[in-house]
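Student: Let me begin by handing over the structure; questions about it come next.
The values are calculated or read from the model by the stated rules, or taken from the named source; none is laboratory data. Since we're looking at a predicted model, the values are computed, not measured. For neighbour counting, all protein chains shown are included, and Cβ atoms are generated from backbone atoms with ideal geometry for every residue, glycine included. All accessible areas refer to the heavy atoms of the entire protein, side chains included, with ligands and DNA or RNA removed. Shrake-Rupley method; radii C 1.70, N 1.55, O 1.52, S 1.80 Å.
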Amino acid sequence: MCGPRAWSGQVIAHPAFAVDPWCLRECGLDLEVLAQSESLFALSNGHVGWRGNLDEGEPHGLPGTYLNGVFEFRPLPYAEAGFSYPESGQTIINVTNGKVMRLLVDGEPLDLRYGTLHSHERVLDFRAGVLERSVLWTTPSGCTVRIRSTRLVSLTQRAIAAIAYEVEAVDRQVQVVLQSELVANEQLPPQGGDPRVAAVLDSVLVAEDDFARGSRLRLVHRTVRSGLRVAVAADHLIDGPAGTSAAAESGPDVSRLTVTSQLAPGECLRVVKTVAHGWSGARSLPAVRDQVDAALAGAAEIGWAGLLAGQRAYLDDFWTHADVEVEGDAEIQQAVRFALFHVLQAAACAEERAIPAKGLTGSGYDGHCFWDTEAYVLPMLVHTAPAAVGQALRWRHATLPAARARAAKLGLAGAAFPWRTINGDECSAYWPAGTAAFHVNADIADAVVRYTSATSDLAFEREVGLELLVHTARLWRSLGYHDGAGVFHLDGVTGPDEYGAVADDNIYTNVMAQQNLLAAADAVARHRQAALSLGVDDEETAAWRDAAARIAMPFNAVLGVHEQSVGFTTHQVWDFAATAPESYPLMLHFPYFDLYRKQVCKQADLVFAMQQRGDLFTAEQKAANFAYYEAVTVRDSSLSASSQAVLAAEVGHLRLAYDYLGEAALMDLADLEHNTRDGIHLASLAGTWIALVTGFGGMRHQSNALAFAPRLPEQLTRLAFAVQFQQRCIRVDITHQDAVYTLLEGSDLEISHHGQPLTVTRHSPCRAAVPAAPQLPEPRQAAGRVPLRRTWAADHQHGAEDPSRAH
């Protein structure tokens, strides 16, 4: 996950993109950033994902229709085989595309590369949950038409997506032919440099059934190696002038409805297309076929208006319980709502499937789920859409057999969850930074603890959480050991910082493992009967508590800072001054062995440990640690900026925290990593919320309670947000002077404000003064790695760059 260095993206900073608090609006069309905009305008519900491709199918950057969990196996080639190396990977595939609405006007195809494009606007509406498009175009021969379309992927009907497509004649009578298609095995851009992988992923869908009759279309395919059956069906409502006709035809990879109409000036042809998606690795062809037909029947009963109303009602409820208001920076306001909308889309109907790093917006990272789902995405969702967190953790629970098998293969007890996966099997080729990243176990355990605490869902803890906690705890006890002094060590592990692989006593891993061990022991005490079925006894839980109590936390007393891992602060410091700007990210320009033996951090590691386990560090230690690691952290990962923002805000560097907030918030909207074309960065989007709510809002969720320590940077005049916690919804409204806590739903809630206990009731909001931030020396960053100074002027649409901070 590589990172940015300057505001050099071409997306939101592009003149075609406007800043609006409740939508993403593109006024114009630039084919140079078409692939990036397809990711930004993607629609999903966690089960179905439609990239924001143009309705007509071409031109496109990367066609994309995804079903969560549908993948193909691919080879993982090695120069030399090694024990326990994964032999095959998994790659998300582009399934049957139901978005295509090809239009011909007097025989000329609507292709915006030709003719005259007078206007083109797309709007992703965060409240309505739709993508709207309007086009005014003149054919090469001089016929002008106006096209309007509205697209949705339903948040209430899991299998359904739909398009309302309308074409209007403007200046003369024209014949229009609209071809609504289902297309399988679309030609895709190259998949990378390995021809073996490209060959595997070419034409991955084998036709099993096709159908076209009346207004109904259907295709059924099966993947070649993973053996997954995919069905996509469509139905249409046609509204046009007298004489409008339609004909259906079908073949193995294309099923098509062709609608023909003569339009006088001002007349319209309107087609509403409803598309149903389904897949299974077990059900028969008739069963999967019938599944999508039934989904279409259900959608038909609701109708287009009902789908729109359901979408709006779902999002109205979501924004009531999750909205974040920012005053003083309109770009950040837009960015945080964009982030909330996309993270919700990725999880809403995932229903015991993974939440991939890119959601269902692109094929980046091969569609894999990583540790950052539990570490970044779920901490946001647990306070904004908690039901989705329970579903995501049930998916992890379903993959326990694979995780236990992997642990056994590695000679360890318990479960070893994979570094990256789609179906639960490790699908990353051997790589020290990933293979030794056992902290994913503790991240999953942390998500279990957060969800159970935030929802009081003890049934979930007993049925799902307990087993996850027990098997993750067993791994730590078998992986670690007590030395002669009784200290418990975890050697040869990799923390979040992938430039510090296979290290001893990585603090992040240790403190998260400590929490995992204690949480498992506590859960066993609450659910003794269920624990007995897992073979847990008092001796085992006592060993967990003993290991947790004696966990190693390396500290350099001379420097007065904690060490990211044993000996880290004694390593040679990377020569940042001699590293050219174009040599970042470092892992693409230097050998890993050189990175592993130097003081250089790809991303926040010890800093992230202080965010997650702040109770283990004093305020003085946090300030000293933050300053020390600022000087060696290069942010070659999209995960870093939000964590640095949180700790910068906590220790008092509010200006710096604001700079890091900007970097996290605009990761995709400004295409800072130059790979938004492959899909959005879901964890960085969640990090935008984290930087605002846990950074400037100072919210901490620890020990079954919420605590707040808010402070705003001078650039923001107000921050307000709503969070859910233990069947309550609380609103926090912060200015530079004070914070007001209002209970919107539920019974009285005990919280704290800068250490002061408060009781918030439905009838009595609490107001408390915001103390000034401590005055600390400004920390120094590595040469060339200073975050860009964030500025925002209310009288222009785009963030201005301060030349003094540019690189």
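Student: Out of the range 400-416, which residues are out of contact with any Pro (no Cβ under 8 Å at 6 or more places or on another chain) and open to solvent by less than 10 Å² (accessible area, probe 1.4 Å)?
Tutor: Leu400, Ala407, Ala415, Ala416
Student: When the range 136-171 is examined, which residues are found to be out of contact with any strand residue (DSSP E or B) (no Cβ under 6 Å at 6 or more places or on another chain), surrounded by fewer than 21 Cβ atoms within 10 Å (Cβ to Cβ) and within 21 Å of Thr274 (Cβ to Cβ)?
Tutor: Thr156, Arg158
Student: Here's something else I'd like to know. Being among the hydroxyl-bearing types (Ser, Thr, Tyr), crowded, with 22+ Cβ neighbours inside 10 Å and modelled with pLDDT of 95 or more, is that true of even one residue in the range 616-626? Please lay out each step first, then the result.
Tutor: Taking the range 616-626 as the starting set, the residues that turn out to be among the hydroxyl-bearing types (Ser, Thr, Tyr) are 618.
Adding the requirement that they be crowded, with 22+ Cβ neighbours inside 10 Å leaves none.
Within the range 616-626, none of the residues are among the hydroxyl-bearing types (Ser, Thr, Tyr), crowded, with 22+ Cβ neighbours inside 10 Å and modelled with pLDDT of 95 or more.
Student: Any idea how many residues of the range 551-568 are under 33 Å from the mean Cα position of the chain (by Cα), open to solvent by less than 30 Å² (accessible area, probe 1.4 Å) and either under 17 Å from Glu630 (Cα atoms) or β-branched (Val, Ile, Thr) (or both)?
Tutor: Within the range 551-568, residues that are under 33 Å from the mean Cα position of the chain (by Cα), open to solvent by less than 30 Å² (accessible area, probe 1.4 Å) and either under 17 Å from Glu630 (Cα atoms) or β-branched (Val, Ile, Thr) (or both) number 7.
Student: Identify all residues within the range 714-725 that are open to solvent by less than 40 Å² (accessible area, probe 1.4 Å) and farther than 28 Å from Arg450 by Cα; write none if there are none.
Tutor: Hit for the range 714-725 is Leu716, nothing else.
Student: Quick one: Thr791 ticks every box in (1) open to solvent by 30 Å² or more (accessible area, probe 1.4 Å); (2) at pLDDT 95 or above except a single one, so which number is it?
Tutor: (2)
Student: Next up: So the check is Cβ under 8 Å with 6+ separation or different chains; which pairs have a first residue in the range 719-744 that's over 19 Å from Ala772 (Cβ atoms) and a second one that's surrounded by 18 or more Cβ atoms within 10 Å (Cβ to Cβ) and at pLDDT below 95?
Tutor: Phe725/His701
Student: Also: Would you mind stating whether Ala392 is within 30 Å of Ala707 (Cβ to Cβ) and crowded, with 23+ Cβ neighbours inside 10 Å?
Tutor: yes
Student: In this structure, does Arg133 turn out to be open to solvent by less than 20 Å² (accessible area, probe 1.4 Å), at pLDDT 95 or above and part of a strand (DSSP E or B)?
Tutor: Criteria met by Arg133.
Student: Give me the pairs, please: first residue somewhere in the range 225-253 and within 27 Å of Ile302 (Cα to Cα), second residue anywhere and open to solvent by 60 Å² or more (accessible area, probe 1.4 Å) and assigned to a loop (DSSP other than H, G, I, E, B), beta-carbon distance under 6 Å, and either six or more positions apart or on two chains.
Tutor: Close Cβ pairs satisfying both conditions: Pro241/Glu267.
Student: Given the criteria closer than 23 Å to Met587 by Cα, touching a residue at least 12 places away in the same chain (Cβ under 8 Å), under 27 Å from the mean Cα position of the chain (by Cα) and assigned to a helix (DSSP H, G or I), does Gln644 qualify?
Tutor: On the way: closer than 23 Å to Met587 by Cα: yes; touching a residue at least 12 places away in the same chain (Cβ under 8 Å): yes; under 27 Å from the mean Cα position of the chain (by Cα): yes; assigned to a helix (DSSP H, G or I): yes.
So Gln644 passes the test.
Student: While we're looking at this one, here's another question. Could you list, in sequence order, the residues of the range 41-69 that are closer than 13 Å to Ala346 by Cβ, among the aliphatic types (A, V, I, L, M) and touching a Phe, Trp or Tyr at 6+ places or on another chain (Cβ under 7 Å)?
Tutor: Once the filter is applied, which keeps residues that are closer than 13 Å to Ala346 by Cβ, among the aliphatic types (A, V, I, L, M) and touching a Phe, Trp or Tyr at 6+ places or on another chain (Cβ under 7 Å), the range 41-69 yields Ala42, Leu43.
Student: With respect to Gly52, is the statement that it is modelled with pLDDT of 90 or more and out of contact with any Cys (no Cβ under 7 Å at 6 or more places or on another chain) true?
Tutor: Here the answer is yes, as Gly52 does meet what is asked.
Student: Being in contact with a Leu (Cβ under 7 Å, 6 or more places away or on another chain), hydrophobic (A, V, I, L, M, F, W, C) and farther than 20 Å from Val70 by Cα is the filter here; which residues of the range 366-414 pass it?
Tutor: Passing the criteria: Val377, Ala385, Val389, Ala407, Leu412, Ala413.
Student: Working only within the range 519-536, note down all residues that are of a type in the set (Val, Ile, Thr) and farther than 20 Å from Ala447 by Cβ.
Tutor: Scanning the range 519-536 gives a single hit, Val536.
Student: For the range 74-87, does any single residue satisfy the condition of being polar (S, T, N, Q) and either open to solvent by 50 Å² or more (accessible area, probe 1.4 Å) or part of a strand (DSSP E or B) (or both)?
Tutor: no
Student: Could I ask something else about it? Can you work out which of the residues in the range 588-612 that are open to solvent by 30 Å² or more (accessible area, probe 1.4 Å) and not in a loop (DSSP other than H, G, I, E, B) is farthest from Gly698 (Cα to Cα)?
Tutor: Phe593
Student: Which residues, counting only those in the range 91-117, are surrounded by fewer than 21 Cβ atoms within 10 Å (Cβ to Cβ), assigned to a strand (DSSP E or B) and over 35 Å from the mean Cα position of the chain (by Cα)?
Tutor: Leu104, Glu108, Pro109, Thr116
Student: Looking at (1) modelled with pLDDT under 95; (2) in contact with a strand residue (DSSP E or B) (Cβ under 7 Å, 6 or more places away or on another chain); (3) of a type in the set (A, V, I, L, M), which is the one condition that is false for Ala433?
Tutor: The failed condition is (2).
Student: Still on this structure: Just checking, how many residues over the range 654-668 are part of a helix (DSSP H, G or I), of a type outside the set (Phe, Trp, Tyr) and open to solvent by less than 10 Å² (accessible area, probe 1.4 Å)?
Tutor: 7
Student: In the range 446-460, is there at least one residue being among the charged types (D, E, K, R) and without any contact (Cβ under 8 Å) to a residue 60 or more places away in the chain?
Tutor: There is no residue in the range 446-460 that is among the charged types (D, E, K, R) and without any contact (Cβ under 8 Å) to a residue 60 or more places away in the chain.
Student: Which of the helices (runs of 4 or more DSSP H) found entirely inside the range 435-538 contain at least 1 residues meeting this: of a type in the set (A, V, I, L, M), within 17 Å of Glu563 (Cα to Cα) and open to solvent by 10 Å² or more (accessible area, probe 1.4 Å)?
Tutor: Per the criteria, no element qualifies.
Student: Which of the residues spanning the range 726-745 are open to solvent by less than 30 Å² (accessible area, probe 1.4 Å) and either under 18 Å from Ala322 (Cβ atoms) or touching a helix residue (DSSP H, G or I) at 6+ places or on another chain (Cβ under 8 Å) (or both)?
Tutor: Of everything in the range 726-745, those that are open to solvent by less than 30 Å² (accessible area, probe 1.4 Å) and either under 18 Å from Ala322 (Cβ atoms) or touching a helix residue (DSSP H, G or I) at 6+ places or on another chain (Cβ under 8 Å) (or both) turn out to be Cys729, Ile730, Val732, Ile734, Tyr741, Leu743.
Student: Could I ask something else about it? Please verify whether the range 572-580 includes one or more residues that are surrounded by fewer than 20 Cβ atoms within 10 Å (Cβ to Cβ), in contact with a helix residue (DSSP H, G or I) (Cβ under 6 Å, 6 or more places away or on another chain) and farther than 27 Å from Asn516 by Cα.
Tutor: The answer is no; no qualifying residue exists.
Student: Also: Among the residues of the range 328-363, write down those that are among the basic types (Lys, Arg), open to solvent by 10 Å² or more (accessible area, probe 1.4 Å) and in a loop (DSSP other than H, G, I, E, B).
Tutor: Just the residues of the range 328-363 that are among the basic types (Lys, Arg), to begin with: 337, 353, 358.
Narrowing further to those that are open to solvent by 10 Å² or more (accessible area, probe 1.4 Å): 337, 353.
Listed by number, the list holds a single entry, Arg353.
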